[in-house]
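> First the structure, then my questions, so here it is.
The values are calculated or read from the model by the stated rules, or taken from the named source; none is laboratory data. All figures in this text were calculated on a predicted structure; none of them were measured in a lab. Quick reminder, even Gly has a Cβ in these numbers, built from the backbone with ideal geometry, and neighbours come from all protein chains shown.
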Amino acid sequence: MLSLDKVNVSIEGVRVLREVSCGIDEGKTTVLIGRNGAGKTTTLRAIMGLLRLDSGSIRLAAEDLDRMPPHYRAHAGIGYAPEDRRLVPELSVEENIRLPSLALKLDRAETARKLDEVYGLLPELKVMRSRPAGGVSGGQGKMVALGRALTVARRVLLLDEPFQGLAPALALDYARTLGELRKRRPELAMLITESSPALLDRIADRTLQIERGEILVTSAKDRTTHASAI
């Protein structure tokens, strides 16, 4: 469904991604692991069009995404929850969740349906829906960012370091939520970056390891690694 082919990305003249090639399949959960600075966030930002490619291509099915403006990713059905959440603090929790629906000019019925779906999966957000987003905790903000991403994630969901900074109990809650999402949305392709992927073992179909901007392929079953042909 989502494929990267020999993607190279530089930031301020420094090459960060080197010949990255991988595929994210429909209905599968792919976990991208690596140390800080390995290129995990850069990979997701490149997919979302927030960084320009030096070379290579990114495709969603038959569509060539790197030829499209960044906002097209949401129109194409890709939801993205960045590591730093990027909430609008002056708006309420619900207003933050609804922002993509407003940007995509969805009608009231469709917006209400998406909100119901988000609140069904994340009932704690419904409880705090009227609170200013600037007043929620870091962990709660991660949940809000997930809910916002789900309003547009018809085909692909990208999560950047969702467990970073979370207390153990909240991290377990988040992991259970992703497991429930996998059951409710079996068609959804998910790409999740993590430094420590143990909490994702139960839902990961495939694990990729990235080091110094290059991807290694890891078997989801035996965790043995080998360099990919890229």
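> If you check every pair at least six apart or on different chains, which have Cβ atoms under 6 Å apart with a residue in segment 187-210 that is basic (K, R) first and a residue that is surrounded by fewer than 23 Cβ atoms within 10 Å (Cβ to Cβ) and outside any helix (DSSP H, G or I) second?
Partner pairs satisfying both residue conditions: R206/T30; R206/A220.
> Checking R59 against (1) touching a helix residue (DSSP H, G or I) at 6+ places or on another chain (Cβ under 7 Å); (2) buried (at least 19 other Cβ atoms within 10 Å of the Cβ); (3) of a type outside the set (F, W, Y); (4) closer than 29 Å to E19 by Cβ: exactly one of these is not met. Which one?
(2)
> Can I ask one more? Report, by residue number, each residue of segment 173-183 that is over 15 Å from A145 (Cβ atoms) and touching a Leu at 6+ places or on another chain (Cβ under 7 Å).
Restricting attention to segment 173-183, the residues satisfying the condition of being over 15 Å from A145 (Cβ atoms) are 175-176, 179-180, 182-183.
Within segment 173-183, A175, E180 meet the criteria.
> Shifting gears a bit: What pairs can you find where one residue is in segment 38-50 and touching a residue at least 40 places away in the same chain (Cβ under 8 Å) and surrounded by fewer than 23 Cβ atoms within 10 Å (Cβ to Cβ), the other is assigned to a helix (DSSP H, G or I) and not acidic (D, E), and their Cβ atoms are less than 7 Å apart, with a gap of 6+ or different chains?
Cβ pairs passing all conditions: M48/R73.
> I'm trying to understand the selection: among the residues of segment 122-170, which are within 16 Å of the chain's Cα centre (by Cα), assigned to a helix (DSSP H, G or I) and aliphatic (A, V, I, L, M)?
M143, V144, A145, L146, A149, L150
> Right, next: Report yes if some residue within segment 125-145 is under 24 Å from A76 (Cα atoms), among the charged types (D, E, K, R) and modelled with pLDDT under 95; otherwise report no. Walk me through how you get there before you give the answer.
Taking segment 125-145 first, the residues under 24 Å from A76 (Cα atoms) are 142-145.
In the following step, the residues that additionally are among the charged types (D, E, K, R) were identified as 142.
Right, trim to modelled with pLDDT under 95 and you get 142.
Yes: segment 125-145 contains one or more residues that are under 24 Å from A76 (Cα atoms), among the charged types (D, E, K, R) and modelled with pLDDT under 95.
> Looking at segment 90-115, I want the residues that are more than 19 Å from Y72 (Cα to Cα) and have a partner that is surrounded by fewer than 16 Cβ atoms within 10 Å (Cβ to Cβ) and among the polar types (S, T, N, Q) with Cβ atoms under 6 Å, at least 6 apart or on another chain. Which pairs are those?
S92/S130
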